[in-house]
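Worksheet: the structure to be examined is printed underneath.
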Amino acid sequence: MSEAISYKIYLDRINQHLLLVECTIQKPNPEGQVVSLPAWVPGSYMIRDFGKYLVDIVAESKGQQVAIGKIAKNTWRCEPCNGELVIRYLVYGFDLMPRGAYIDNTRAFFDGCRIFLVVEGEEEQTRSVEIVRPRQESCHHWRCMTSMTPQKLDEQGFGSYVANNHLELIDHPFEISNFQKFEFKVANVPHILVVDGRVQGDFMRLLNDMQKICTQHVNFFGELPPMPKYVFIMNVIGKGYGGIEHRSSCTLLCSRSDLPVVGSKTMSEEYRSLLGLISHEYFHLWNVKRIKPEVFVNYDLTAEVYTRQLWIFEGITAYYDNLALIQSNVITPAMYLKILQKDITTVLQSPGSGIQTLEDSSFDAWIKYYQPDENSPNATISYYVKGSLVALALDLLIIKNTKRKQSLVDVMQVLWQQYGKPGIGLPERHFERVVYEVTGEDYSDFFDLALRTTEPLPLPELLLEMGVIYKTVAADFLDALGVKFVNDQARATVKTVLNNTVAEYAGLAPNDIIVAVNHVAVSLNNIEIALKRFLPGDHVKLQIFRNDYLLDLKLTIPEQVKNVCELEIANNLTSTQQANWHKWLGDAEAITLSIVE
């Protein structure tokens, strides 16, 4: 411990949204110590250059100033010195997203990538962190929560924590506020939920559902990775949604309307979505935090790290996050099929699904998925959504081919035992080999189709094997039109124009403002009503503003477009379909019910 790198966090400049960090290096490089901040955060594949949030930096040794200068966008070098080196720097934080840092007079939160300098050459040294109790009266009731190993704390959680190395240091976010705290156990391990935000909700129901979901995932893999506790950090605001995984915690952002209402037994779409988010981040405990691509074993956080396997680590996780909800009896079969049909419809209505393969979507996450533009639906496909459908198809295919002796669960369990537990990264395309080793079946044709072409997945046939009827019905009028609008002060402002639609043929473009149909004024509120007065094949004139110019365009009212998926359980399921259904969904009962609600 004598050579540990230590950090001290001061919370006395919260009104400026600044954290003061003091980094002490006991044995700096005698040729001049180099320090840096990461360019990206694990779990969010986009270059973010956290060095831009560093406001000021100084260094000293033995009470004497040490010159420090910037040598790259996220990197600084200290002049050589004799003895202990202390670097003090200010970090700005006013970002509510789970991967960021936020500091004001109500809350302090930070992800380690935003805060902790990397001491180059000393990445494997032990790290200690001291959170200094703030002195402001408004912070008097604040407490501190993290999944990092405590060393010496007061009753409110302020004090010192320890991590074995730098990658572990940045994998434990901190919540410091007057949060609400709840606890339940899974596999005899405490699971702690801390909630920040002025919120009311049925937290007992939430905890009960969370415990069921977490238990389902633990049973799925057969064990919980070793950890003294797991922490959910939840920030609740007026409108927001997102999350990011860590080795024994996760951070969540949700809306107040997502929380269950006290006394209500209904499952709202918002609450279901929140449970899906929680399930997703918890499944990442195994799939991506421990079962991970080979190139992620020792992250290079200074530059992009490319893999064509993100569909495995995000797509398969996205498949099981919702599947766990039905398998833990949190939602009904009808609700689950409704989720599936929405995902299938998303792919059907995305022209990019015919342009970008799933492997390319994974590889291009750094420049496309995390940096979408108005043309993204025409050029890309989400490795989350399509990846989850590929996982679904593979699961159903294994169930069918092995006559229910195996499923994708068996593949994931082998991945956990052979790669996750020993910490061995999964090489590119090795997942396909594992599927063969587990099942004894050659699925190369399926993987070529699903991952390396843009051809449709064989979902109609596979779902029918489970007793689920797949059909497509007419899209909503605006979806058939091929235009997506943004709510711009009630103006009909175009956000996206989809390829091969009447909107494209008419010449509509992103940011166009449609002001009239046949010279009669329209707004976002009534444009659909105005256009639906005409018959398919009719021609109408649109008056639009583009770059402040008034233009006339001719639009042809579209015919019906059948690109909306509907799923329903077949009547009179055969014994094989019943057995397949239970192998797929567990104990969920097969009921005859149309899910179009």
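Taking the criterion of being crowded, with 20+ Cβ neighbours inside 10 Å and either assigned by TED's automatic domain parsing to the domain that holds residue 306 or more than 10 Å from residue 113 (Cα to Cα) (or both), the residues of the range 38-47 that qualify are 43, 45. Of all residues in the range 99-132, those that are within 19 Å of residue 181 (Cα to Cα) and in a loop (DSSP other than H, G, I, E, B) total 1. Counting residues in the range 296-317 that are under 22 Å from residue 359 (Cβ atoms), touching a Gly at 6+ places or on another chain (Cβ under 8 Å), in contact (Cβ under 8 Å) with a residue 60 or more places away in the chain and not in a helix (DSSP H, G or I) gives one or more. Among the residues in the range 176-185, are any modelled with pLDDT of 95 or more and either assigned to a helix (DSSP H, G or I) or closer than 26 Å to residue 384 by Cβ (or both)? No, because not a single residue in the range 176-185 is modelled with pLDDT of 95 or more and either assigned to a helix (DSSP H, G or I) or closer than 26 Å to residue 384 by Cβ (or both). Of the set (1) surrounded by fewer than 19 Cβ atoms within 10 Å (Cβ to Cβ); (2) in contact (Cβ under 8 Å) with a residue 40 or more places away in the chain; (3) part of a strand (DSSP E or B), all apply to residue 35 but (1). For the range 209-223, check the following and say yes or no: at least one residue is more than 22 Å from the chain's Cα centre (by Cα) and among the charged types (D, E, K, R). Checked against the condition, which is being more than 22 Å from the chain's Cα centre (by Cα) and among the charged types (D, E, K, R), the range 209-223 yields at least one hit. Taking the criterion of being more than 12 Å from the chain's Cα centre (by Cα) and of a type in the set (Ser, Thr, Tyr), the residues of the range 268-318 that qualify are 268, 271, 273, 299, 302, 306, 307.
Annotation: of all residues in the range 282-300 being modelled with pLDDT under 95 and closer than 16 Å to residue 44 by Cβ, the one that is surrounded by the most Cβ atoms within 10 Å (Cβ to Cβ) is 299. Looking at the range 183-190, can you tell me whether even one residue there is buried (at least 22 other Cβ atoms within 10 Å of the Cβ), small (Gly, Ala, Ser) and either out of contact with any Gly (no Cβ under 8 Å at 6 or more places or on another chain) or assigned by TED's automatic domain parsing to the domain that holds residue 250 (or both)? Checking the range 183-190: not a single residue is buried (at least 22 other Cβ atoms within 10 Å of the Cβ), small (Gly, Ala, Ser) and either out of contact with any Gly (no Cβ under 8 Å at 6 or more places or on another chain) or assigned by TED's automatic domain parsing to the domain that holds residue 250 (or both).
Report yes if residue 525 is assigned by TED's automatic domain parsing to the domain that holds residue 489, within 40 Å of the chain's Cα centre (by Cα) and at pLDDT below 95, otherwise no. So residue 525 passes the test. Scoring residue 279 on the criteria (1) crowded, with 17+ Cβ neighbours inside 10 Å; (2) more than 18 Å from residue 318 (Cβ to Cβ); (3) not hydrophobic (A, V, I, L, M, F, W, C) leaves a single failure, condition (2).
Consider the range 186-242 and keep the residues that are in contact (Cβ under 8 Å) with a residue 40 or more places away in the chain and small (Gly, Ala, Ser). The one that is nearest to residue 161 (Cα to Cα) is 197. Being under 38 Å from the mean Cα position of the chain (by Cα) and either under 24 Å from residue 246 (Cβ atoms) or of a type in the set (Asp, Glu) (or both) is the requirement here; does residue 15 meet it? Taking the combined requirement at face value, the residue does not satisfy it. Could you list, in sequence order, the residues of the range 319-343 that are closer than 19 Å to residue 369 by Cα and either more than 20 Å from the chain's Cα centre (by Cα) or acidic (Asp, Glu) (or both)? Scanning the range 319-343 gives a single hit, 343.
Please enumerate the residues belonging to the range 133-161 that are free of Cβ contacts under 8 Å to residues at least 60 places away in the same chain and aliphatic (A, V, I, L, M). Correct list: 148, 153. Among the residues of the range 318-344, just one is within 17 Å of residue 450 (Cα to Cα) and among the hydroxyl-bearing types (Ser, Thr, Tyr), namely 319. Within the range 198-214, does at least one residue satisfy the condition of being out of contact with any helix residue (DSSP H, G or I) (no Cβ under 9 Å at 6 or more places or on another chain) and under 18 Å from residue 247 (Cα atoms)? Checked against the condition, which is being out of contact with any helix residue (DSSP H, G or I) (no Cβ under 9 Å at 6 or more places or on another chain) and under 18 Å from residue 247 (Cα atoms), the range 198-214 yields no hits at all.
Does residue 103 meet the test of being buried (at least 22 other Cβ atoms within 10 Å of the Cβ) and among the β-branched types (Val, Ile, Thr)? The answer is yes for residue 103.
Selection of the range 133-174 for residues being loosely packed, with under 14 Cβ neighbours inside 10 Å, modelled with pLDDT under 95 and not in a loop (DSSP other than H, G, I, E, B) yields 137, 138.
Go through the range 199-255 residue by residue and tally those that are part of a helix (DSSP H, G or I) and under 24 Å from residue 144 (Cβ atoms).
So the count comes out to 5.
So how many residues does the range 8-17 have that are among the aliphatic types (A, V, I, L, M) and either closer than 23 Å to residue 162 by Cα or assigned to a loop (DSSP other than H, G, I, E, B) (or both)?
Number of matching residues: 2.
The values are calculated or read from the model by the stated rules, or taken from the named source; none is laboratory data. Because the structure is a prediction, the values reported are computed rather than measured. Don't worry about glycine lacking a Cβ; one is built from the backbone with ideal geometry, like all the others, and counts go over all protein chains shown.
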